[in-house]
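Take a look at the structure set out below.
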Amino acid sequence: MSTSVTPAVRLVRGDITDQSVDVIVNAANSSLLGGGGVDGAIHRRGGPDILAACRELRASQYGKGLATGRAVATTAGRLAARWVIHTVGPVFSGAQDRSALLASCYRESLHLAAELGARSVAFPAISTGIYGWPMDDGARIAVRTVLAETVAPVEEVRFVLFDAHAYVEFEEVLAMRG
Ligand code: ADP
């Protein structure tokens, strides 16, 4: 049984590939075969073992790709982490509310991290880059879900924000505890 914990939530301005944590979460796409943004940075810095593990997962379990909102773990290669968890964020739509899928990315990643025995997890602001999610809403969903869904042994969740705008939006939401 998993026990809910109140995580220490930290905000860091910077590059997620510089973080020393148990889990680095990747804002992947459903192909699991790499892309731009965070995905590109993680594969570049982490080296070819991550892509090799992703290809194996594609071949063995996710022939049609990983569904939006789901998460899978691989080696972290040369990154200063034990695992990379790849999760597929939804593309933002003005016509359709896809918030539950974005929340699912954070929730599934946290539960998988807990299953692996991770104590610290670093997240990027999923879907807020190429996938177009507005930063204020993306931050609200991220912080709320993490505060509600963090389970032992995860005790620290770090949001690693690439630019000042993202940092300020997360800071505001965190000050209101979601
Ligand atoms: P998505 O396709 O889910 O939108 P992106 O990688 O395009 O994913 O962007 C997600 C967020 O991560 C954006 O806010 C982007 O500015 C940020 N980002 C891009 N590169 C990095 C990085 N190396 N470390 C942390 N955040 C990053």
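The values are calculated or read from the model by the stated rules, or taken from the named source; none is laboratory data. Note that the structure is predicted; figures quoted are calculated from it, not measured. Cβ placement follows ideal geometry from the backbone for every residue including glycine, while neighbour counts extend to all protein chains displayed. Ligands, DNA and RNA are excluded from the accessible area calculation, which covers all protein heavy atoms including side chains. Shrake-Rupley method; radii C 1.70, N 1.55, O 1.52, S 1.80 Å.
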Where a residue in segment 155-178 is closer than 16 Å to I126 by Cα and among the aromatic types (F, W, Y) and its partner, wherever it lies, is open to solvent by 60 Å² or more (accessible area, probe 1.4 Å) and at pLDDT 95 or above, with Cβ under 6 Å and at least six apart: Y167/R13
Residue match in segment 121-135 (condition: under 15 Å from E171 (Cβ atoms) and over 14 Å from the mean Cα position of the chain (by Cα)): yes
Any chance G138 is without any contact (Cβ under 8 Å) to a residue 12 or more places away in the chain and either away from the ligand (no atom under 12 Å from the Cβ) or crowded, with 21+ Cβ neighbours inside 10 Å (or both): no
Candidates S93, S99, S120 - the one that is modelled with pLDDT of 95 or more and either open to solvent by 70 Å² or more (accessible area, probe 1.4 Å) or closer than 18 Å to L11 by Cα (or both): S120
Residue match in segment 54-66 (condition: within 15 Å of the chain's Cα centre (by Cα), assigned to a strand (DSSP E or B) and more than 18 Å from G138 (Cβ to Cβ)): no
Leading residue by the ranking (nearest to the chain's Cα centre (by Cα)) among those in segment 8-34 that are open to solvent by 40 Å² or more (accessible area, probe 1.4 Å) and near the ligand (Cβ under 9 Å from one of its atoms): D15
Flag for T75 being within 21 Å of G129 (Cα to Cα), surrounded by 15 or more Cβ atoms within 10 Å (Cβ to Cβ), of a type in the set (V, I, T) and out of contact with any Gly (no Cβ under 6 Å at 6 or more places or on another chain): no
Residue list for segment 52-72, restricted to those being surrounded by 17 or more Cβ atoms within 10 Å (Cβ to Cβ), within 16 Å of the ligand (Cβ to nearest atom) and not charged (D, E, K, R): C54, L66, T68, G69, A71, V72
